[in-house]
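Worksheet for the structure shown next.
Read the figures in this text as sums done on the coordinates, not as results from a lab. Since we're looking at a predicted model, the values are computed, not measured. Using ideal geometry, Cβ is built from the backbone for each residue, glycine included, and neighbour counts are taken over all protein chains shown.
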Amino acid sequence: MGAGHGETVSDLAAELVREFSVPEPDLDRIVQMIDGESGLATEILRRSNTVAFAGRTPTLDVFEAVTRLGMLEVRDAILAFIDPFHAWSPRPVTDLSAIRELFLKFRTFRRAGV
């Protein structure tokens with residue numbers, strides 16, 4: 001379903017943004033759409049393997065990358081992919097995925113010796 005099948009990158013991005021706007025986004029559908037556009041998949045994988053999001057081992061799987069990043073970060077990556085001048089702004093911990101938030105809390109408590 002990628003942009004190579006008569007669909008432009010902008011069309012794909014618009015479809016992805018629409019999917020993000022529903023109350024219960026379909027993660028499998030989002031991953032399938034991202035996986036169909038090699039440039040976008042590469043960007044998602046690159047971001048998920050940065051110091052801020054990387055696990056113990058690098059990921060080569062788009063599904064794992066999307067879950068590492070969380071929906072808001074993936075949405076920002078999509079917007080930045082279609083518009084390279086899309087302003088990135090840091091978001092508070094509460095806006096990150098629930099798993100990332102728990103990790104950050106755990107790391108904070110561990111460093112504090114709690």
Given contacts defined as C-alpha pairs under 8 Å and at least six residues apart, what's the relative contact order of the range 9-87, whole-number percent?
31 percent
Taking R0 as 30 Å, what FRET efficiency do you get between residue 19 and residue 64 from their Cβ-Cβ distance, rounded to the nearest 0.05?
0.95
So, with +1 on the Cβ of K and R and -1 on the Cβ of D and E, and no other charges, what is the size of the charge dipole of the range 9-87 about its Cα centre, to the nearest 20 debye?
340 debye
Consider all pairwise Cα distances in the range 9-87 and report the whole-number % of them above 16 Å.
44 percent
